[in-house]
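S.K.: Quick one: this structure, given as structure tokens, is what I'll be asking you about.
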Amino acid sequence: MSFSNLVTINVAGCQIPLAVQIKILGVTLDKNLSMDNHVNSVSKSVHYHIHALRHIRLSISEDMAKTVACALDYANSILYSTTQKNL
């Protein structure tokens, strides 16, 4: 049996469509677990927040800026052993 073309599953007589990707605990997973969608999502988000941080940088301490920058790195440990493309 091949699952590559599976687009729905039958649960109690109802056809439930399968999602192309899901987001759980801030991590985007696609059907191939390739992490491509997650990396794209994180890159866009971090770019936006770093750009926004520049507008308030002079109003916050250096320690606060470092804390915010480290917070943007949340959940990137799941990328351990990812493909070179995603790095």
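Computed from the coordinates by the stated procedures, all read-outs in this text should not be read as laboratory data. Computed from a prediction, not measured in an experiment: that's the story for all the values here. As a convention, Cβ positions derive from the backbone with ideal geometry for all residues, glycine included, and neighbour counts pool all protein chains shown.
S.K.: So how tilted is helix 36-56 from the main axis of the chain? Cα-based, degrees 0 to 90, rounded to 10.
M.R.: Between the helix axis and the principal axis of the chain, the angle is about 20 degrees.
S.K.: Next question, about the same structure. What distance in nm lies between label points placed 7 Å from Cα along the C-beta direction at VAL7 and LEU72?
M.R.: 3.9
S.K.: Give the span of segment 8-79's Cα atoms along each principal axis, as three whole-Å numbers ordered largest to smallest.
M.R.: Each principal axis gives a Cα extent; for segment 8-79 these are 59, 21, 16 Å.
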